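Visitor: Below is the structure I would like to discuss, written out as structure tokens.
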Protein chains: 2
Amino acid sequence: MIAEIIAAGSEMLTPHRQDTNSLYLTERLNALGVAVAFKTIVGDNLQHLSDAARIALHRADIVIFSGGLGPTEDDLTREAVAAALCIGLSRSPEILTAMYKRFAERRVSMPENNAKQADVLDGADVLQNNNGSAPGQWLDTVVDGHRKLVILLPGPPKELMPLFTEACEPRLAASLPERHFAKRWLRIALMPESKVDAIAAPIYQTYTDVESTILSSAAEIQLHFLCAKPTLAEAQQRVDELTSKVEDALDEAVFSSQGEPLEEIILLRLQMRGLTLATAESITGGMVASRLTGVAGHSDTYIGGAVTYSAHLKKKFAGVSDEILKQHGTVSDQAARALAEGIREQTGASIGLAVTGVAGPGPLLDTDSIEKPCGLVFVAVSDGVSTESLQKTFTGDRDRIRTFAAQQALDLLRQKLI
Amino acid sequence: MIAEIIAAGSEMLTPHRQDTNSLYLTERLNALGVAVAFKTIVGDNLQHLSDAARIALHRADIVIFSGGLGPTEDDLTREAVAAALCIGLSRSPEILTAMYKRFAERRVSMPENNAKQADVLDGADVLQNNNGSAPGQWLDTVVDGHRKLVILLPGPPKELMPLFTEACEPRLAASLPERHFAKRWLRIALMPESKVDAIAAPIYQTYTDVESTILSSAAEIQLHFLCAKPTLAEAQQRVDELTSKVEDALDEAVFSSQGEPLEEIILLRLQMRGLTLATAESITGGMVASRLTGVAGHSDTYIGGAVTYSAHLKKKFAGVSDEILKQHGTVSDQAARALAEGIREQTGASIGLAVTGVAGPGPLLDTDSIEKPCGLVFVAVSDGVSTESLQKTFTGDRDRIRTFAAQQALDLLRQKLI
């Protein structure tokens, strides 16, 4: 069984908008054991849309349309699918009555063009939309002797998602052979993708019944393992076995084996030990703090800190001495260590975490009169007993350097907490 | 002239990865006056890919393939296009020699499978890739009596973008009638899309020769105006005229008419007046600071500040009194004003900006023993002479509330600087 997703809407053929519904639909379809083989994005053009529908009905078993079910002249999915299947559309009196009723309740008269949202493909079941006015449609039909499932869904994600999950998934599951899926997910900070794969591939390649995916994003690699079996226990056993072998091989580089972000892992570890944390950020200017405060329920653990962007605030809020700034500069191992120690002392937190560096573009003439190259970063963590620090040079633009610097600061703290 | 973009790669049919090259290609094609009518995403499957190529060659004038040009068995774009066009592939001795040379320079022997990257479609021009090993290809051909331009590009954006811009755009421009494009872009903070459109639509709808697009993202609306004319002066005149009419109608709600982000506008205004800024953030925990430090070259203007997440740090770093916290709570107009005034005094900045609120999930039992609802936000700005503040209630999840709170803080400061 393969599926095709057709996203209808001219806005998705501009440089500014992208179809994102298909990511959600793909995840849900995969969980049912259905692979998505094609995605097509097409504008609000009856000819283009009906041609795309015809092609999809030929090459896929399940064809899901998103968008084009609204009341405007640009909403053409119903008409296009009817044309592609050479079937008719009938206006449903039930849907129409419900629409008139809804407008009447709001004491406004229904604009005439809204009525087309009541047009239903011959033979289709109506999928009631509790979050918007355009209902979905489900058609179980035959094209060229092959069974085809045709699903029409509204475009807004807030309407599409519940409609697919509640109305379509149970029907799809009933039409498909029973399979159970188990999934695991390893997250690795700051290791190059090629290095992760060199370690992981020899292991996951021996698990041919587990689908392995390696994904690289800013300063992080993710390994996803997915296994489908007739029972959940079988699937879970295979995926757990593979995950623990890969985790052993990657050792401490793995920061999460259940998908939690790095900042959440850190906050949980600190909380377990009853420790508090404060940050002093220069190059990252609040990125570490905003990641830590993005996790709900940890305001007793992360107490805050300072954005010590100027030399003055490094002294004022983290007590860094003039001597260090003059002798070693603001971007130095000594400054990073002094920031970590100072923010800890000033705030009374158990642990101080600091990051300083040159985000660029271009080098920095530092307070020690020495030019520091763009990408140079120092991170430090102090618990009052000892202070650890690390020097790194990151490449790329300002955004990338800052993202890597924030990740490196958090990862240094994670290492200290192991 | 219409174009179709085909993205080849099984990873883009997972829930985790999306084709993004097409956004860049669409922007560049639009600038040349070429509309993208279809986008197709297809996996690493020879049959699927050659079928998709055949369909695209039938319905579009320009067909651009991204991805599938690498050395592995999964890289099938060359073979699929050859099959769709019923033409051959020849191994180019020049490309092969260059590849051997490159490997020799790195003192490694070239793996045999790399040689397939030298396979060129019969009649195609090779587009030299200076950022990777797989060259692009350009084929000007005829299908069913119609001229077709077929372009093969490597998948990695770092390779695709320069190759398209440098090697393809001049050739495309030479094949198309001359048109010049002018573009303007208004950005509006914190106004609902429907309200912006109610004001702007009656104006832009009278400019039928200007393409108007309204885009809504987190706490911001953008209005894009694009006009194509035989000369740049004509296009610019129309788009400027429309932009200034809409800007007049929206008045102070518009924060940028050239596309700059809000934080950059603020930093430029502060810099022009020789003012410095410091921030004290509670609910946003560094988001305002990280936006301000994301703009290069303003470290003399934004000096830093504090992430006053705990009540203790509100006192310590921004001098907020125990009395205010006990009487009014940490989430109150009084606390926001005290934070703005205090961070200004503590840091010596000309202006202090502060934000406090409840990010949720759920309400907060505040230090004044009163429960504050999730989404309640106070922002304040102080210049030592006067302090302005604002109370808002935002809806949505933690992320959305924090994003809106940060935007509201920055917009309050912008209003003060007008």
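The values are calculated or read from the model by the stated rules, or taken from the named source; none is laboratory data. Remember, predicted model here, so these are calculated numbers, not experimental data. Using ideal geometry, Cβ is built from the backbone for each residue, glycine included, and neighbour counts are taken over all protein chains shown. Accessible surface areas use protein heavy atoms only, side chains included; no ligands, DNA or RNA. Shrake-Rupley method; radii C 1.70, N 1.55, O 1.52, S 1.80 Å.
Visitor: Return the calculated 222 nm mean residue ellipticity for chain A, to the nearest 500 deg cm²/dmol, obtained by summing -39500 (n - 2.57) across DSSP H runs with n ≥ 4 and dividing by the residue count. It would help to have the intermediate numbers written out before the result.
Guide: On the way: 14 runs with 159 residues, N = 418.
The helix-only estimate for chain A comes to -11500 deg cm²/dmol at 222 nm.
Visitor: Here's something else I'd like to know. In the neighborhood of residue B:335, defined by Cβ-to-Cβ distances under 13 Å, what is the net charge if each Lys or Arg adds +1 and each Asp or Glu adds -1? Display every interim value, and only then the final one.
Guide: Details: positive: B:314, B:315, B:326, B:337, B:372; negative: B:281, B:322, B:323, B:333, B:341, B:366, B:368.
Taking every Cβ under 13 Å from that of residue B:335, the sum is -2.
Visitor: Summarise the partner chain shielding of B:288-298 as one whole number: the mean count of Cβ atoms from other chains within 10 Å of each residue's Cβ. Working shown, then result.
Guide: Values: counts 4, 10, 12, 4, 4, 12, 8, 2, 6, 2, 1.
Across B:288-298, the average partner-chain Cβ count within 10 Å equals 6.
Visitor: How big is the charge dipole of chain A about its Cα centre, in debye rounded to the nearest 20, if each Lys and Arg gets +1 on its Cβ and each Asp and Glu gets -1 on its Cβ? Each step should come with its number before you reach the end.
Guide: Numbers: 40 positive and 53 negative charges, 110 e Å.
It comes to approximately 520 debye.
Visitor: Per residue, how much accessible surface does chain B expose to a 1.4 Å probe? Answer in Å², no decimals. Each step should come with its number before you reach the end.
Guide: Details: 17190 Å² over 418 residues.
I get 41 Å² per residue for this part.
Visitor: Where the Cα atoms of the range B:357-403 are projected onto their three principal axes, how long is each span, largest first, in whole Å?
Guide: Computed over the Cα atoms, the extents are 37, 26, 11 Å.
Visitor: Based on the Cβ-Cβ distance from residue B:178 to residue B:87, what FRET efficiency comes out when R0 is 41 Å, to the nearest 0.05?
Guide: Values: r = 32 Å, r/R0 = 0.77.
So the FRET efficiency works out to roughly 0.85.
Visitor: Considering only Cα-Cα distances, which of the following residue pairs are longer than 24 Å: A:316/B:314; A:39/A:195; B:39/B:158; A:326/B:316; A:39/A:229? Display every interim value, and only then the final one.
Guide: Details: A:316/B:314 15 Å; A:39/A:195 32 Å; B:39/B:158 21 Å; A:326/B:316 27 Å; A:39/A:229 27 Å.
Among A:316/B:314; A:39/A:195; B:39/B:158; A:326/B:316; A:39/A:229, the Cα-Cα distance tops 24 Å for A:39/A:195; A:326/B:316; A:39/A:229.
Visitor: Using a simple spin-label model with points 7 Å from Cα along the Cα→Cβ vector, what separation in nm is obtained for residue A:327 and residue B:24?
Guide: Rounded to a tenth, the inter-label distance reads 4.7 nm.
Visitor: Apply the Karplus curve 6.51 cos²θ - 1.76 cosθ + 1.60, θ = phi - 60°, to the phi angles in the range B:234-249 and return the couplings in whole Hz, x for Gly and Pro.
Guide: Per-residue couplings from phi come out as 4, 5, 5, 4, 5, 6, 5, 4, 4, 4, 6, 5, 5, 4, 4, 5 Hz.
Visitor: So, R0 is 25 Å and r is the distance between the beta-carbons of residue B:208 and residue B:58; what FRET efficiency does that work out to, to 0.05? Walk me through the numbers on the way to the answer.
Guide: Details: r = 32 Å, r/R0 = 1.26.
Computed FRET efficiency for residue B:208 and residue B:58: 0.20.
Visitor: To the nearest Å, what is the center-to-center distance of the range B:323-401 and the range B:16-48, using C-alpha atoms only?
Guide: 45 Å
Visitor: Something else: For q values of 0.06 Å⁻¹, compute log₁₀ I(q)/I(0) with the Debye formula on a Cα-only model of chain A, without solvent.
Guide: -0.39
Visitor: Residue by residue, what Karplus-based ³J(HN,Hα) values in Hz, rounded to whole numbers, does the range B:287-296 have, using 6.51, -1.76 and 1.60 with θ = phi - 60° and x for Gly and Pro?
Guide: 5, 5, 4, 6, 5, 5, 7, x, 8, 6
Visitor: Net charge within 10 Å of residue B:346 by Cβ-Cβ distance, Lys/Arg positive one each and Asp/Glu negative one each, not counting residue B:346 itself?
Guide: Values: positive: A:316, B:316, B:344; negative: B:341, B:345.
Net of charged neighbours comes to +1.
Visitor: Separate question: What share of Cα pairs, in percent, lie more than 22 angstrom apart in the range B:330-410? Each step should come with its number before you reach the end.
Guide: Details: 788 of 3240 pairs.
Counting every Cα pair in the range B:330-410, those more than 22 Å apart make up 24 percent.
Visitor: Find the Cα radius of gyration of the range B:90-220, compare it with 2.2 N^0.38 Å by division, and give the number to two decimals.
Guide: On the way: Rg = 22.8 Å, N = 131, 2.2 N^0.38 = 14.0 Å.
Normalised Cα radius of gyration, the range B:90-220: 1.63.
Visitor: Another question, if that's okay. Set Lys and Arg Cβ to +1 and Asp and Glu Cβ to -1, take the dipole of chain B about its Cα centre, and tell me which of B:221, B:235, B:343 lies farthest positive.
Guide: Going by the charge dipole, the pick is B:343.
Visitor: With respect to the axis carrying B onto A, what is the closest chain B residue by Cβ position, and how many angstrom separate it from the axis?
Guide: Result for the B and A rotation: B:286, 1.
Visitor: Taking a label point 7 Å from Cα toward Cβ, how far is residue B:348 from its twins in the other copies, in nm, shortest first?
Guide: For residue B:348, the inter-copy label distances come out at 2.7 nm.
Visitor: Further, regarding this structure: Could you tell me which residue out of A:161, A:172, A:141 lies farthest along the dipole of the range A:88-190 toward its positive end? Charges go on the beta carbon: Lys and Arg +1, Asp and Glu -1, centred on the Cα centre.
Guide: Going by the charge dipole, the pick is A:161.
Visitor: Next up: Taking the Cα centre as origin and putting +1 on Lys and Arg beta-carbons and -1 on Asp and Glu beta-carbons, what dipole magnitude results for the protein assembly as shown, to the nearest 20 debye?
Guide: Values: 80 positive and 106 negative charges, 186 e Å.
About 900 debye.
Visitor: Quick check on the protein assembly as shown: of the DSSP beta bridges with both residues there, what percent are antiparallel, nearest 5%? Kindly include the intermediate steps, with their values, before the conclusion.
Guide: On the way: 104 of 160 bridges.
Among the beta bridges of the protein assembly as shown, antiparallel pairing accounts for roughly 65 percent.
Visitor: Nearest 100 Å² is fine: what is the total accessible surface buried where chains B and A meet, probe 1.4 Å?
Guide: Working: alone 19700 and 19660 Å², together 34340 Å².
Between B and A, the summed buried area is about 5000 Å².
Visitor: Please state the charge dipole magnitude for the range B:252-304, taken about the Cα centre, from unit charges on C-beta atoms (+1 on K and R, -1 on D and E), reported in debye and rounded to the nearest 20.
Guide: It works out to roughly 80 debye.
Visitor: Treating the point 7 Å from Cα along Cα-beta-carbon as the label, what are the nm separations from residue A:260 to the other copies, to one decimal?
Guide: Values, ascending and in nm: 4.3.
Visitor: 7 Å from Cα along Cα→Cβ at both residue A:217 and residue A:397: what's the point-to-point distance in nm?
Guide: Placing both labels 7 Å beyond Cα along the Cβ direction yields 1.9 nm.
Visitor: How much of the DSSP bridge set in chain B is antiparallel, in percent, rounded to the nearest 5? Working shown, then result.
Guide: On the way: 48 of 76 bridges.
Of those bridges, close to 65 percent are antiparallel.
Visitor: Have a look at the range A:198-286 and give its Rg and Dmax from the Cα atoms, expressed in angstrom.
Guide: Final numbers for Rg and Dmax: 16.7, 53 Å.
Visitor: On to the next question. What is the distance in Å between the Cα centroid of the range A:229-279 and that of the range B:247-267?
Guide: Between the Cα centres of the range A:229-279 and the range B:247-267 lies a distance of 44 Å.
Visitor: May I pose another question? Leaving out ligands, DNA and RNA, and with a 1.4 Å probe, what % of the accessible surface on chain B is carbon or sulfur? Please report the intermediate quantities before stating the final value.
Guide: Details: 8680 of 17190 Å².
After summing per-atom areas, the C and S share lands at 50 percent.
Visitor: On to the next question. Of the candidates B:257, B:310, B:22, which one comes out as most mobile in a Gaussian network treatment of chain B with C-alpha springs shorter than 10 Å?
Guide: Comparing B:257, B:310, B:22 in the GNM, the peak value goes to B:310.
Visitor: Taking the Cα centre of the range A:203-330 as the origin and placing charges on Cβ (Lys, Arg +1; Asp, Glu -1), which of A:280, A:317, A:292 is farthest toward the positive end of the dipole?
Guide: Farthest towards the positive end: A:317.
Visitor: One-quarter of the Cα convex hull surface for the range A:274-330, in nm²?
Guide: Values: hull surface 17.3 nm².
Quarter of the Cα hull surface area: 4.3 nm².
Visitor: While we're here: Where does the range B:207-359 land on Rg(C-alpha)/(2.2 N^0.38 Å)? Mind dumping the intermediate values first?
Guide: Details: Rg = 20.3 Å, N = 153, 2.2 N^0.38 = 14.9 Å.
Rounded to two decimals, the normalised Rg is 1.36.
Visitor: Among DSSP bridges having both ends in the range B:203-344, what percentage is antiparallel? Round to the nearest 5. Display every interim value, and only then the final one.
Guide: On the way: 8 of 13 bridges.
Of those bridges, close to 60 percent are antiparallel.
Visitor: So if the hydrodynamic radius of the protein assembly as shown is defined as the Kirkwood radius over C-alpha pairs, what does Stokes-Einstein give as its diffusion coefficient at 20 °C and 1.002 mPa s, in µm² per second?
Guide: Details: Rh = 29.7 Å.
My calculation gives 72 µm²/s for D.
Visitor: What value in Å³ per residue do you get for the convex hull of the alpha-carbon atoms in the range A:81-145?
Guide: Values: hull volume 5.6 nm³, N = 65.
So the per-residue Cα hull volume is 86 Å³.
Visitor: Computed over the Cα atoms of the range B:14-59, what is the ratio Rg over Rh, Rh following Kirkwood?
Guide: On the way: Rg = 12.5 Å, Rh = 12.2 Å.
Radius of gyration over Kirkwood radius for the range B:14-59 works out to 1.02.
Visitor: Sticking with this structure for a sec: Just to be sure I understand the interface: list residues from the range B:346-365 that lose 30 Å² or more of accessible area between the chain on its own and the complete protein assembly, 1.4 Å probe.
Guide: B:346, B:347
Visitor: Still on this structure, I have one more. Which distance in nm do the two modelled labels at residue B:103 and residue B:237 give, with both placed 7 Å along the Cα-to-Cβ direction?
Guide: 6.1 nm
Visitor: Are there any residues in the range A:16-46 with a reduction of at least 40 Å² in accessible surface when going from the isolated chain to the assembly of protein chains? Probe 1.4 Å, please list them by number.
Guide: Those are A:16, A:17, A:18, A:23, A:37, A:38, A:39, A:41, which lose 40 Å² or more relative to the chain on its own.
Visitor: I want the local charge near residue A:394. Using Cβ-Cβ distances under 15 Å, sum +1 for each Lys or Arg and -1 for each Asp or Glu among the other residues. Intermediate values should be presented prior to the final figure.
Guide: Values: positive: A:372, A:392, A:398, A:400, A:402; negative: A:220, A:397, A:399, A:411.
Local charge sum for residue A:394: +1.
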